[in-house]
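S.K.: Let me give you the structure first, and then I'll get to my questions.
The values are calculated or read from the model by the stated rules, or taken from the named source; none is laboratory data. Values in this document were obtained by computation on a predicted structure and should not be read as measured data. Positions of Cβ are backbone-derived with ideal geometry, glycine not excepted, and every protein chain shown enters the neighbour counts. In case anyone asks, the SASA skips ligands and DNA or RNA and just uses the protein heavy atoms, side chains included. Shrake-Rupley method; radii C 1.70, N 1.55, O 1.52, S 1.80 Å.
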Amino acid sequence: KQWYQRRVRGLEEQERATAERKAALKTAVEDGKKIPTELKKDAVSLQKQMDMDGAADTTLNSVDDEYLYAGVKDPKLVLTTSRSPSSRLKQFTKEVRLILPNCQRLNRGHFVVKDLVEACKSNDVTDLIILHEHRGVPDGLVICHLPYGPTAYFSLSNVVMRHDIPNVGPVQEIYPHLVFHNFTTKLGKRVESILKHLFPVPKDSSKRVMSFVNSEDYISFRHHMWTGPNSNIELSEVGPRFEMKLYEIKQGTLEQNHVNTEWKLRPFMNTARKRYFIGDEETDS
């Protein structure tokens, strides 16, 4: 027993010494200083261990753990609305369903949120999407990733339907290419991950493209088809188009009330010096 205790104590001291050597090497590299003499011999091996430790940390990070197996199979989506939707919201729901491959539109009826989430979980649905309105104008979008979250809440503005776009072209329901612009912050990468995992991986020959362009934390969505050879590409907008603004991310699913709030847009954020949370400030050139 005493031998075992000495053995454990020796291993703990060895691990502590290795951790201190890693910390000293990391500090020297980050500060641009010379590597201490006692670390030069083992600097390469220590750096490899630090790289492996970093890779393990990012793999098990809670931010992307919900989407760890997202690329194994195509997403399966369910799209519905708030209760008693207007005719305009119903039409917008049909157009959003055309945007999302492998999406099934569900009439809300008298379903409560808890029953919706449980039904989706039992049918291996990966994401539940709910559209909201105010006086007939679509104004809200909720994306709930299943089975464990997260749940993202967006406000919608400047919604333009397909029939309101001049010379709108036909929609092909092939898997689209995605373009994300100015999602540079940690929160921006989180939002990009939530949005891009709604779509399956497209083929290289796909001529359908959807763009999410962030400017001052407003995400502009555009939907195009392109034609022509590589030297003379023509884009035709097929709609719909709208602007999204994130105002909350919760770590649980939609029906859970007592879950951690990962991020929320607070009132004081609009009164303080203007800051952008999803991407960098863009200046006109």
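S.K.: What size of dipole, in debye to the nearest 20, comes out for the chain about its Cα centre when the only charges are +1 on Lys and Arg C-beta atoms and -1 on Asp and Glu C-beta atoms?
M.R.: Using Cβ point charges on Lys, Arg, Asp and Glu, the chain gives about 480 debye.
S.K.: Would you work out if the range 57-164 is rounded, prolate or oblate? Take a ≥ b ≥ c from the square roots of the eigenvalues of the alpha-carbon gyration tensor; rounded if a/c is under 1.5, else prolate when a/b is larger than b/c, oblate otherwise.
M.R.: Here the range 57-164 falls in the prolate category.
S.K.: If you roll a 1.4 Å probe over the heavy atoms of the protein chains, what accessible area per residue do you get for the range 154-285, in Å²?
M.R.: 58
S.K.: Do any of Lys114/Lys203; Lys90/Lys203; Lys186/Lys207; Lys114/Lys196 go past 28 Å between their Cα atoms, and which?
M.R.: Lys114/Lys203; Lys90/Lys203; Lys186/Lys207
S.K.: Follow-up. For the range 197-238, which GluC sites (Glu not before Pro) are both in a DSSP coil and crowded by at most 13 other Cβ atoms within 10 Å?
M.R.: Qualifying residues, ordered by number: Glu216.
S.K.: Report P(r) for the chain: all Cα-Cα distances, bin width 10 Å, range 0 to the bin holding the largest distance, values in whole percent.
M.R.: The percentages, shortest bin first, are 5, 21, 27, 19, 12, 9, 4, 1, 0.
S.K.: Report, in degrees rounded to the nearest 10, the 0 to 90 angle that the Cα long axis of helix 87-99 makes with the longest principal axis of the chain.
M.R.: Tilt relative to the chain: about 50 degrees.
S.K.: Rounded to whole Hz and in sequence order, give me ³J(HN,Hα) for the range 162-168 from the Karplus expression 6.51 cos²θ - 1.76 cosθ + 1.60, θ = phi - 60°, writing x for Gly and Pro.
M.R.: Those phi angles translate into 4, 6, 8, 8, x, 6, 6 Hz.
S.K.: Follow-up. When DSSP beta bridges are limited to those with both residues in the chain, what percentage is antiparallel, rounded to the nearest 5?
M.R.: If I count the DSSP bridges inside the chain, around 75 percent turn out antiparallel.
S.K.: For the range 106-221, calculate the relative contact order in percent as a whole number, restricting contacts to Cα pairs under 8 Å that are 6 or more residues apart.
M.R.: Dividing the mean separation by the residue count of the range 106-221 yields 17 percent.
S.K.: Quick one: pull the percent of accessible area on the chain belonging to carbon and sulfur, 1.4 Å probe, ligands and nucleic acids left out.
M.R.: Looking at the chain in its full context, I get 50 percent from C and S.
S.K.: When only DSSP loop residues count, what GluC sites (Glu not before Pro) in the range 105-199 have their Cβ near at most 16 other Cβ atoms within 10 Å?
M.R.: Glu173
S.K.: A further question on this structure: Any lysines with Cα under 21 Å of the Lys26 Cα? List them, leaving off those in the same chain fewer than 8 positions away.
M.R.: Cα-Cα hits under 21 Å: Lys34, Lys40, Lys41, Lys48.
S.K.: Roughly how tilted is helix 186-196, in degrees to the nearest 10 and between 0 and 90, from the longest Cα axis of the chain?
M.R.: 50
S.K.: Answer rounded, prolate or oblate for the range 163-285, using the Cα gyration tensor with square roots of eigenvalues a ≥ b ≥ c: rounded when a/c is under 1.5, else prolate when a/b is larger than b/c, else oblate.
M.R.: Prolate.
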